[in-house]
Amino acid sequence: MLNESFIAAVTSLGTLALLLGVIIYFVSKKFYVAEDPMVSIINGILPGVNCGACAYPSCNQFAEELVRTKDTSMTCPVGGSELAAKLGDALGIEMAEPKPVVCAVLCQGTHDIARPSAEYVGIQDCWAATQAYAGPKQCRHSCIGLGSCIAWCDFNAMRIEDGLIVIDEELCTGCAACIPACPTGVLVMQEKKAERIFVACNSHDRGADTKRACDAGCIACQKCVKVCPENAIVIENFVAKIDQEKCTSCGKCIEVCPTKVNCIVRHNDTLKTKQAS
């Protein structure tokens, strides 16, 4: 009796499995959508890093959309102009010239420049540190310096030096995967130029508070705003910001900046501490 019950149960399950298999087979045939072979070709040209810099979750989805729309404005920041040319040749269209971008750090708060608030002992993660308190530095808008962003960089373009994240611009592809990994928002993407001047400060505190916390903090004194001949600088939320489209890299703003360590930096320039007057 037991054997007959067992055999009946196995037979019932086997029949059900067979029936479901047949249904799945016919449904897959009914709703099968053939993939355009060009998608595989375009996907093979793309870098395959799935970084999301193109605004699509994966290179394959970017390829599908590009093949479907043939939108010449679609760009892959990682591949640059050389990749754009290859994509255009494969599709028989002229792709837009992508503007190369690079990650920049809006902070200079090294151990010698930014004053500490407390010694952090715990998980070496920026987000974990912010859960305990504002962070190991007095400036709550500064680079925490524990490197949560590094784990998101697939190109080894980031490292920590003296409590501050440093970007290797030769290795950075501008994929922007690191941006959401920073809890204080000190990482931004900027157009990659031979000459680039920007305010390397992210503090939104009033000038006096910023000055107490960091020697390189922008105090929103407006001297740079007044001296800029192109009206490229504005003060927003107690920090100066430079419009890269208007900026001609004349450097007048750097000359008048009164901070002990200049909060306005020129691309590739070595930061120098000003002599105290």
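Note on segment 1-56: residues that are part of a loop (DSSP other than H, G, I, E, B), among the β-branched types (Val, Ile, Thr) and modelled with pLDDT of 80 or more amount to 1. Identification of strands (runs of 3 or more DSSP E) wholly contained in segment 152-205 with 3 or more residues that are under 24 Å from residue 236 (Cα atoms) yields 187-191, 197-199. Selection of segment 138-163 for residues being over 15 Å from the mean Cα position of the chain (by Cα), crowded, with 20+ Cβ neighbours inside 10 Å and among the aliphatic types (A, V, I, L, M) yields 144, 146. Please state which one of 120, 133 is assigned by TED's automatic domain parsing to the domain that holds residue 214, over 18 Å from the mean Cα position of the chain (by Cα) and surrounded by 15 or more Cβ atoms within 10 Å (Cβ to Cβ). Within the list 120, 133, the selection yields 120. Quick check on residue 219: is it touching a Ser or Thr at 6+ places or on another chain (Cβ under 9 Å), closer than 25 Å to residue 166 by Cα, assigned by TED's automatic domain parsing to the domain that holds residue 167 and surrounded by 15 or more Cβ atoms within 10 Å (Cβ to Cβ)? The answer is yes for residue 219.
For segment 238-247, taking the residues that are in contact with a Phe, Trp or Tyr (Cβ under 9 Å, 6 or more places away or on another chain) and of a type outside the set (A, V, I, L, M, F, W, C), the one that is surrounded by the most Cβ atoms within 10 Å (Cβ to Cβ) is identified as 241. Residues in segment 223-237 that are part of a loop (DSSP other than H, G, I, E, B) and buried (at least 17 other Cβ atoms within 10 Å of the Cβ): 2 in all. Might you check whether a residue that is in contact with a helix residue (DSSP H, G or I) (Cβ under 7 Å, 6 or more places away or on another chain) and among the β-branched types (Val, Ile, Thr) occurs anywhere in segment 75-85? Yes, segment 75-85 contains at least one residue that is in contact with a helix residue (DSSP H, G or I) (Cβ under 7 Å, 6 or more places away or on another chain) and among the β-branched types (Val, Ile, Thr).
Taking first residues from segment 68-87 that are outside any loop (DSSP other than H, G, I, E, B) and partners that are of a type in the set (Ser, Thr, Tyr), the Cβ contacts under 7 Å between residues at least 6 apart in sequence or on separate chains come to 84/75.
The values are calculated or read from the model by the stated rules, or taken from the named source; none is laboratory data. Note that the structure is predicted; figures quoted are calculated from it, not measured. A quick note on method: Cβ atoms are made from the backbone with ideal geometry, for glycine too, and the neighbour counts reach across all protein chains shown.
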